[in-house]
Every structure is written in structure tokens, then in C-alpha cells.
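What follows is a set of notes on a single structure, which appears directly below.
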Amino acid sequence: MNDTTSENSGGFGTSALSRWGVLTLLSLAIAGCYYEYDAIAPIANLLHVERGFSQSQIGLLNAVFSLPNTIMVLLGGILIDRLGPARVAAWTSAFCLLGAGLTAVGSPYAVMVTGRMVFGIAEETLFIALLSGVAQWFSGPRAALAMAMFFSCARIGSYAADTSPYWAHAVYQHGWQRPLWLGTLLTAVSFAAAQIYRLVDRSARKTGYLPPVHRAKRLRWADLVSFDLSFWYILGLNVLFAAVFFPFRSTFAIEYFQDAKGLTLKQAGLANSWVFFAAIFATPIFGYLADRFGHRALMLVVGTLLMPLVFLILGTTDWSLWISTGLMGISFSVVPAVIWPATAMLVEPRRLGTAFGFTDMMLNLCVGVSNLVAGSIADRAHAGPTHPAGFEAMLWYFGILSSVAFVSVVLLWRRESSPYGHGLESVHAHALATANDV
């Protein structure tokens, strides 16, 4: 393949219409699943009131999503390398639908937890498969923008979940269960998009638009520990950032806004939704800026610094929630838009699947543990509507964790600004690397 073909066709001779059509399918698939993941937060108070769930039980519903993926997501990454992302996406989307249905059944509690676990195991591998699909259909410097748009559509799913008490108000009038059936319906849309993507991908490989799937070389366990120091810094940032953002925003934020800030469920959901609303529009912008101007490590420094500021504002001021949620939204726009393409720049192509799988494995471990720790801290402090000050300990926990993430990214920035860097601070490094690979 020559450089001209890659530039004009996105790397595999595909038309622009085909590539953007595939990106649409991939985006629909991830949006439906992100809605289902975030479906717990809007009903957290209903689960507490109607079913008597403790904070730890509510936290477990999202912790169990992540903990099994400390192993399974790495195996999923290996499976993607061997079978292709489209086939794995079709299979895992079916298990996502099954898990969403079990969660909606929801009684007894063990069935609900099982549903979240099944959904979580499948969804994380589905995420990697879909992200790998984006990388296959888009190449070169356009990869960051395509990934950013993919993430933006995922944010739409989360934003829809947060605002569902508004646009699906009638559903919430009937208690905790119907909102979960709504999430199951949207997961079914994700399943349908994944099946169509598999058919399109199969056709593209038969016609030569995409290369055939080749079995990856045998996994060497040494590949898991022989990455460059910059990779470990960016891994630390990735997992610590996620261990702060997802437990707070997706599990406890809405209830915290209700109990500590005096908002109604509708108001709390709307305020929380602005984190993703900002990310919907800002993520592609930051992806474009990273491709256009470089300075990726510096962008990560700025984006990560906003997180400890968020918890400082929440815990020590009475400022409008729009300020803290806006800052968190900007942070959540910068970091994902830059960190995944940057990770690809730090790892040689033959080990990229392993790197993504290992990163997601560690990410899920930290997110799962952080959900449990935050819930336990809130319970020990007797956080709730009768004792809103009990949430302060949880805010301190998230603030300290986000400060450690900031230290990790500063170390990355210093290394990438030195002669030992990998081009994260230069403008066209990714494009040059891709041209060299071709």
C-alpha cells in the first residue's frame, strides 16, 4: 500500500461514505451501552428508598461491572487480535443485551448484580473491539479525530441517561424498574448496530476494502511488562483518572447533589449530565487540536489539573454546580481525546492490542475498587439526606486520588519533553509514524 492510497482512502481503499457509515454504526453501538452503564445513577435514590439498598450495595452494582474485567478484558483483547473486532463486537453485544435484561428484572438483588456483571464483562470487550474497528477504518492523523467523535457519541449515551428523568419523566413515575427496561431497549439498538457492522466488515474484507483477519502471533507474557517508562506514566494517569471520574459521576454524584446540595432528582440529573454534554462537543475539538498542534502531554497536564479543582470547589464552596460540572466536562473531554491515540504512539503496532487490553484491565480493577472504597467511606461517615456532611470524606478521597493522577501526568510531560520522549509534544509525530509504517 502506498502513501497516496492511504491518504485518499483511509488506509484500505474505502470510500469516505463507507468509513463514515461504519463510524456511525460503531458510535450507535457504544452509545446504547454507555446509556445502560449510566442507568444506575438516576435511580440510585429510588433503589435506596424503594428497595432499601445501602450505599455499598448501590456501589457494588457498578463495581461488579468492572472487577471481572481485571482478567476478562485482556482475554478479550487477545480474542480481538485473533478473530477480528467485528466478530467479537457482534458476540459481546449479545451478552450486553442479556446483562441489561437481567438487570431490569432486578429482583432478587443477586439477579441484578449478575446482570450487571454479565453486562460489564461483555461491554468492556465490546468497547475495545469497537475502538479497534475505528482504528482499522481510519488511519494516520485522522485517527484521533475519528476516535474523539466515537467517544462523543458515547457521551451522548451517558448524557441521555443522566437527563432521562426529564425526557422520560413518565417512566420514572412508576419506580426503579421501568427506567432499566428503557436501558435494555437502547442496548438492543446497540446490539443491532453491532450486527450490521459485522456484515459490513465481512463484505469489506471479501472485496479487499479491508485486509483479511490474520491470527496474531502467540502471546508472550513478557510483552505485558516490557513497555517504555512513558507508557507506565500514561497508564497511571488513565487508571487513576477513571477511578475518580466514573465512581463519582456514574455512581454517587446524582445522590450527592440531592442530599448535600438540596436538588431534586431532575435537577441533579441535569447538573450531572452537563459533564457529558460538554464532552459531546468538546472531545472532537481537542482531538483535532492534538492532531493539528501536538503538545499532547501538556494537554493531558491541563485536563488532569481540573479534576482536583472540581472536588476542592465542591467541598469548600457554595459555587454553582455548573462551574464544577463544567470543569469536569472539560477535563473529561481533553483526557480521553488525547490519551488513547497517545497510548498508540508509545507502543509498537504488534503489541497495541495487548497494551489496550492491559490498560483496560488495570482501569477496570481501579474503577471497581474505587466504587467499593467510595461507598464504604460514605457509609462509615453516615452520608445521606439526614447527614449531608458525611459526603465530605468521599470528596476528600476523590480529591487526593485525582492529585496523584496529576503527579503521574506531570512525570509523563517531563519525560516527553526530554530527549527520551516519543513525539507526544511534536505536531506531526503520529502522521510521520503512520507513513513510516506504511
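The values are calculated or read from the model by the stated rules, or taken from the named source; none is laboratory data. The model shown is predicted, which means the values in this text are computed figures rather than measured ones. So basically every Cβ, Gly included, is an ideal-geometry build from the backbone, and we count neighbours across all protein chains shown.
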Any hit, the stretch 127-141, residues being under 30 Å from residue 342 (Cα atoms), hydroxyl-bearing (Ser, Thr, Tyr), buried (at least 24 other Cβ atoms within 10 Å of the Cβ) and under 17 Å from the mean Cα position of the chain (by Cα): no
All conditions in (1) farther than 16 Å from residue 247 by Cβ; (2) at pLDDT below 85 are true of residue 327 except (2)
Given the condition closer than 22 Å to residue 149 by Cα and part of a helix (DSSP H, G or I), answer yes or no: does some residue in the stretch 387-410 qualify? no
- Could you tell me whether residue 128 is at pLDDT 85 or above and part of a helix (DSSP H, G or I)? yes
All-but-one check, residue 63 against (1) free of Cβ contacts under 8 Å to residues at least 40 places away in the same chain; (2) farther than 16 Å from residue 186 by Cα, failing number (1)
Scanning the stretch 18-55 for residues that are part of a loop (DSSP other than H, G, I, E, B) and either surrounded by fewer than 24 Cβ atoms within 10 Å (Cβ to Cβ) or free of Cβ contacts under 8 Å to residues at least 24 places away in the same chain (or both) gives 51, 52, 53, 54
| request: Take residue 271 and decide whether it is under 18 Å from the mean Cα position of the chain (by Cα) and in a helix (DSSP H, G or I). | output: no
Residue pairs within 6 Å by beta carbon, gap of at least six or interchain, first lying in the stretch 278-298 and within 18 Å of residue 324 (Cα to Cα), second among the basic types (Lys, Arg), listed first then second, are 279/155; 280/155
(message) Against the definition (hydroxyl-bearing (Ser, Thr, Tyr), farther than 28 Å from residue 52 by Cα and in a helix (DSSP H, G or I)), how does residue 92 come out, yes or no?
(response) yes
Looking across the stretch 165-190 at residues that are among the small types (Gly, Ala, Ser) and modelled with pLDDT under 90, the single one that is surrounded by the fewest Cβ atoms within 10 Å (Cβ to Cβ) is 170
Considering the stretch 191-216, residues that are modelled with pLDDT under 95 and among the polar types (S, T, N, Q), and then whichever is farthest from residue 133 (Cα to Cα), we arrive at 207
The residue from 286, 276, 246, 231 that alone is in a helix (DSSP H, G or I) and under 22 Å from residue 378 (Cβ atoms) is 246
The condition of being of a type in the set (Phe, Trp, Tyr) and surrounded by 22 or more Cβ atoms within 10 Å (Cβ to Cβ) holds, among 257, 277, only for 257
When every residue in the stretch 316-328 that is surrounded by fewer than 17 Cβ atoms within 10 Å (Cβ to Cβ) and part of a helix (DSSP H, G or I) is compared, the one farthest from the chain's Cα centre (by Cα) is 316
- For residue 331, are the conditions met, namely being under 22 Å from residue 158 (Cα atoms), in a helix (DSSP H, G or I) and over 19 Å from the mean Cα position of the chain (by Cα)? no
Looking for something modelled with pLDDT of 85 or more and more than 17 Å from the chain's Cα centre (by Cα) - is there at least one such residue anywhere in the stretch 234-251?
no
